Amino acid sequence: MLNERRMKMKKSFLPIAFMAVFMLTATNSQAQSWSDLLNKDNISKVVNAITGTTESIDMTGTWSYKGSAVEFESDNLLMKAGGAAAATMAENKLNEQLSKIGIKDGQMSFTFNADSTFTSTVGKKTLKGTYSYNASTKQVDLKYLKLLNLHAKVNCSSSSLELLFNSDKLLKLMAFIGSKSSSTALKTVSSLAENYDGMMLGFQLSK
């Protein structure tokens with residue numbers, strides 16, 4: 001009964017919320033036209049904000065590696081590790097080690113297809129699998145031909161994509177997709193992760 005009442009309140013609130021948004025922005029007509037306000041993306045954002053729906057993303061297309069990506073699980077952990085300087089140093093070190101196994105700018109890409117299949121390429125090495133995205137957790141599940149199953153956090157916009165892994169998962173992926181093996185590189189990345197608790201490591205890609 002309580003859930004039904006909440007749903008009715010949300011439905012009845014939607015027209016009011018849309019009207020409020022339009023009234024607030026109508027006075028700034030020079031900066032933004034009515035056609036902009038009524039476009040699909042803006043309407044979707046209003047609905048998601050009111051209903052609590054998590055907006056999905058579009059990962060389809062080919063994404064090329066541009067460099068490493070580092071993210072701390074919270075701002076507190078970032079500051080504890082030493083702030084932006086520590087994150088930059090970690091990215092530089094990760095870039096160096098990834099390049100030793102062939103993962104570098106222009107040498108690696110991911111292609112995500114609309115049918116939930118994907119291909120990753122490093123140099124001349126190509127591997128295929130399937131993927132699924134969970135909008136509520138903002139994570140993608142990557143399955144390489146039933147040989148390797150990984151979860152990655154996704155930060156995605158229309159032109160950039162970050163895949164961020166827990167350090168142990170990234171090490172497995174490095175060993176699996178690297179165009180050449182390097183135990184030294186894997187040990188260095190493992191040591192890097194141990195030095196910074198709560199840090200996620202991965203790839204920065206662009207379309």
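Can you give the percent of C-alpha pairs in region 150-189 whose distance is more than 15 Å? Mind showing how you got there, number by number?
On the way: 375 of 780 pairs.
Roughly 48 percent, once rounded to a whole number.
May I ask for log10 I(q)/I(0) of region 80-207 at q = 0.09, 0.12, 0.18, 0.21 Å⁻¹, from a Debye sum over the Cα atoms as equal point scatterers with solvent left out?
-0.25, -0.45, -1.05, -1.42
Figure the gain on full extension for S206 and T137 (residue separation times 0.36 nm, minus the Cα-Cα span) and round it to one decimal in nm.
The S206-T137 span can extend by a further 22.6 nm.
Can you tell me how much longer the chain between D75 and I57 gets when fully stretched, taken as 0.36 nm per residue apart minus their C-alpha distance, in nm with one decimal? Walk me through the intermediate numbers first.
Working: separation 18, 0.36 × 18 = 6.48 nm, distance 2.43 nm.
Answer, rounded to one decimal: 4.1 nm.
Going 7 Å from the Cα of K125 along its beta-carbon direction, which residues of region 145-170 have the amide nitrogen within less than 14 Å of the resulting point?
What the label zone holds, given the 14 Å backbone N cut-off, is 148.
Can you tell me the dipole magnitude for region 66-160 around its Cα centre, using point charges on the Cβ only (Lys, Arg +1; Asp, Glu -1), in Debye to the nearest 20? If you can, show how the numbers build up before the last one.
Working: 12 positive and 8 negative charges, 83 e Å.
Dipole of region 66-160, to the nearest 20 debye: 400 debye.
Tell me the relative contact order for region 67-133 as a rounded percent, counting alpha carbon contacts under 8 Å between residues six or more apart.
Values: 61 pairs, mean separation 14.0, N = 67.
Over region 67-133, the number comes to 21 percent.
For region 60-148, max minus min Cα coordinate along each principal axis, in Å, sorted largest first?
Projected onto its principal axes, the Cα set of region 60-148 covers 41, 34, 23 Å.
Per residue, what accessible area does region 83-207 have, given a 1.4 Å probe and all protein chains present, in Å²? Please list the in-between numbers first.
Values: 6230 Å² over 125 residues.
Here the residues of region 83-207 average 50 Å² of exposed surface.
At 1.4 Å probe size, with the rest of the protein present, what percent of the exposed accessible area of region 91-207 is carbon and sulfur atoms? Don't skip to the answer; put the middle values down first.
Details: 2660 of 5860 Å².
Result for region 91-207: 45 percent of the exposed heavy-atom area is carbon or sulfur.
The values are calculated or read from the model by the stated rules, or taken from the named source; none is laboratory data. The shown structure was predicted, so the numbers you read here are calculated from the model rather than taken from an experiment. Glycine gets a Cβ as well: all are built from the backbone with ideal geometry, and neighbour counts include every protein chain shown. For accessibility, only protein heavy atoms count, side chains too; no ligands or nucleic acids. Shrake-Rupley method; radii C 1.70, N 1.55, O 1.52, S 1.80 Å.
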